[in-house]
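Engineer: Take this structure first; my questions come after.
The values are calculated or read from the model by the stated rules, or taken from the named source; none is laboratory data. Remember, it's a predicted structure, so these values are computed and weren't measured experimentally. When we count neighbours, we look across all protein chains shown, and the Cβ atoms used for this are built from the backbone with ideal geometry, even at glycine. For accessibility, only protein heavy atoms count, side chains too; no ligands or nucleic acids. Shrake-Rupley method; radii C 1.70, N 1.55, O 1.52, S 1.80 Å.
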Amino acid sequence: MEQPITEQSNPLSSNIDVASSEEIVQILYACDLEIFHGWKNSQGIKDKGLIEKIENLAKKISNVIEKPGGGIVISGCGTSGRIAFLTARTFNCYLKSKGKEECFQYIIAGDDKALFTSIELAEDDPVVGAEKLNQVCKEKASVVYIGVTCGLSAPFVAGQLDLCLSQPEKYTPVLIGFNPVELARNLDIEKWDKTFLQVAQNLEIAEKQQKAFILNPVIGPEPITGSSRMKSGTTTRILLEVLSLFAIQKDIKLSIEELMSMYESVCNCVYKQSHHLGSLIDLAGASLNSGGNIYYLGCEGFGLMAMIDASECPPTYGASFHDIRGFVNGGFSALNNNDGDLSNSGSQYQISVEDFEREILPAITSDDLVVLLGEDIFQRSSKSLLDLPCKKAYVSFQWDQTSTSSTCVEFGLAFSIALNAPLMDRISPDCKFLVIQLLEEVSLKWVVNSLSTGAHILKGKVCQNIMIDVKVSNSKLFHRAVGIVQNYSSLSHEESCHCLLKSIYDTDILTEEQTSAPVVSHINAASQKLMVVPVAILIAKLSCSIKSAKEMISCQPVLRKVLMNYVN
Ligand code: F6P
């Protein structure tokens, strides 16, 4: 069976783990360019058929918004749900500023706590997905529902799409993802009667009858295999933003291709700084490797973008939530999220710069790195950081490198994102402001994704281009983990699965009860364990006991080095 493109290994990044920091950035750039230029025979986001669909869908959204009782609901899991939140927040804010009804809503699997922490198990439930959509839309007469699942795989989204298909008079379903439909996930979903593939095929039929849309450009595999927070997350942003801009601003006077080309030039501007970005990765890698933490601080969308980056590190790299954290100025008061202030629910939910100053600053050390994102937070925080022993970096669009204000950071990265002036001049002044905001936010996404990915590569959390310490916390990640173990061994799928189970259950001999338990039991058993996949890889590759695999890892956490020592 062909692997979904989103789960394939990208040949461009197969040596990213042994690249220098600057080379890491260049590899990430090459992979990101596939968003715009396509992969193999695909055209990426510039595909004509896709652009036509975006045009039609934007008109549909615009009609729904104009009617009373209409709404746009964007939903997804993990990064996809977080980007749904960001988009809804940004465009509601814009509509409000124009005195219009705020008609965007978001749903994220696991509710608002999942905006900041990883709650992957919630992604596996199609029934809860459908219930949530029902709840959000009960008062609405017509809804454009946009379900984002990069891998065309999340059961939570499948349940919602299925609900939409059963009520065509109310819902227009839209699926955003980055695989062809035939590569949608075709595995049984627990306590449900359809696979994702079946739902996607039903959607294809509805699309032919002009009752649904599937936006699934092929943009090539991720630079870190399966890490959909990166290219797929960026492409999700671009598609949602282009759609929403064209829906709310009929007289935008740009074509969709022109708007997309602006995102591409911003991508070029960011990565042109590969040397400086490489130095930033070195600083971040040094922090993680010496046991320090990385703290991003930002205002509004910049802070939120950074929080989203940080929140994906635990499931992707087995990181602790302390390793990289994001803080936004004003915390929940700046968010406009569904569930309101969650700051009393635990330290993971203390997300304001004020929380950072109160709880973290007093104990900060020279191993820690504070990254200021944008001019606003720099103005607000640079003085309080001046004498602190930590490493400090500043990423800005306006910073004048010659100005003395830079003396409090040892590292600064200034962008001037070259916007095509004739194109910008065609956009109305208030919409221009919004477009610049979106382009700056996406460029910061590229910066923080490079930083956190590069730092974890330097920490040894990537082998070739595989995330070898992925958290086994839902069905998709369980199956991905089995694939990773198989990839490093010459074992069959079943044998690889057994090695993973041995690591999960911490035993050299599995019982019948353990091997026959449902995947959800394995996920629950794995949830509190560290280094599950690296241990499984070692027992698969070296045929050793659990105990010796753990000993090897405690002496040398970089798996490629352990393997080099033991395998000729
Ligand atoms: O299961 C965790 C995760 O892989 C996140 O890393 C990711 O953001 C999320 O799932 C969403 O995946 P998809 O968009 O493919 O449903």
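Engineer: Here are some conditions: (1) open to solvent by 20 Å² or more (accessible area, probe 1.4 Å); (2) more than 13 Å from the ligand (Cβ to nearest atom). Arg185 meets all but one. Which one does it not meet?
Structural biologist: (2) is the only condition that Arg185 fails.
Engineer: Look through segment 113-131, keep the residues that are of a type outside the set (Gly, Ala, Ser) and buried (at least 20 other Cβ atoms within 10 Å of the Cβ), and return whichever of them is farthest from Asp193 (Cα to Cα).
Structural biologist: Phe116
Engineer: Filtering segment 313-349 down to residues that are among the aliphatic types (A, V, I, L, M) and modelled with pLDDT of 95 or more, which residue is farthest from Ile364 (Cα to Cα)?
Structural biologist: Looking at residues that are among the aliphatic types (A, V, I, L, M) and modelled with pLDDT of 95 or more, I get Leu342.
Engineer: What number of residues within segment 69-98 satisfy the criterion of being in a helix (DSSP H, G or I), farther than 14 Å from Gly301 by Cβ and in contact with a helix residue (DSSP H, G or I) (Cβ under 8 Å, 6 or more places away or on another chain)?
Structural biologist: 6
Engineer: Hey, does segment 136-143 have a residue that's at negative phi, within 12 Å of the ligand (Cβ to nearest atom) and crowded, with 22+ Cβ neighbours inside 10 Å?
Structural biologist: The answer is no; no qualifying residue exists.
Engineer: Further question: Looking at (1) open to solvent by 20 Å² or more (accessible area, probe 1.4 Å); (2) under 20 Å from the mean Cα position of the chain (by Cα); (3) of a type in the set (A, V, I, L, M), find the lone condition where Ala286 falls short.
Structural biologist: Exception for Ala286: condition (2).
Engineer: If you check every pair at least six apart or on different chains, which have Cβ atoms under 8 Å apart with a residue in segment 111-127 that is under 22 Å from Asp323 (Cβ atoms) and of a type in the set (Val, Ile, Thr) first and a residue that is away from the ligand (no atom under 12 Å from the Cβ) and outside any helix (DSSP H, G or I) second?
Structural biologist: Every condition considered, the pairs that remain are Thr117/Phe321.
Engineer: Where residues in segment 99-112 are in a loop (DSSP other than H, G, I, E, B) and within 16 Å of the ligand (Cβ to nearest atom), which of them is most open to solvent (accessible area, probe 1.4 Å)?
Structural biologist: So the residue we want is Gly110.
Engineer: Only one residue in Ile294, Ile308 is among the β-branched types (Val, Ile, Thr), at pLDDT 95 or above and more than 16 Å from the ligand (Cβ to nearest atom), so which one is that?
Structural biologist: Ile294
Engineer: Can you name the strands (runs of 3 or more DSSP E) wholly within segment 307-400 that have at least 3 residues being within 27 Å of Lys113 (Cα to Cα) and out of contact with any His (no Cβ under 7 Å at 6 or more places or on another chain)? Steps first, please.
Structural biologist: On the way: elements: 324-328, 369-373, 391-396.
Once the strands (runs of 3 or more DSSP E) in segment 307-400 are filtered for at least 3 residues that are within 27 Å of Lys113 (Cα to Cα) and out of contact with any His (no Cβ under 7 Å at 6 or more places or on another chain), what remains is 324-328, 369-373.
Engineer: Kindly check whether there is at least one residue in segment 514-531 that is without any contact (Cβ under 8 Å) to a residue 12 or more places away in the chain and over 30 Å from Cys150 (Cβ atoms).
Structural biologist: Yes, some residue in segment 514-531 is without any contact (Cβ under 8 Å) to a residue 12 or more places away in the chain and over 30 Å from Cys150 (Cβ atoms).
Engineer: Further question on the same structure: Of all the helices (runs of 4 or more DSSP H) wholly in segment 492-561, which have at least 3 residues that are surrounded by 21 or more Cβ atoms within 10 Å (Cβ to Cβ)?
Structural biologist: In segment 492-561, 493-505, 532-542 are the helices (runs of 4 or more DSSP H) which contain 3 or more residues that are surrounded by 21 or more Cβ atoms within 10 Å (Cβ to Cβ).
Engineer: In segment 27-52, how many are in a helix (DSSP H, G or I) and surrounded by fewer than 17 Cβ atoms within 10 Å (Cβ to Cβ)?
Structural biologist: Total satisfying the criteria: 5.
Engineer: Regarding Lys445, is this residue surrounded by 20 or more Cβ atoms within 10 Å (Cβ to Cβ), under 30 Å from Ala421 (Cβ atoms), within 16 Å of the ligand (Cβ to nearest atom) and of a type in the set (Lys, Arg)?
Structural biologist: So Lys445 passes the test.
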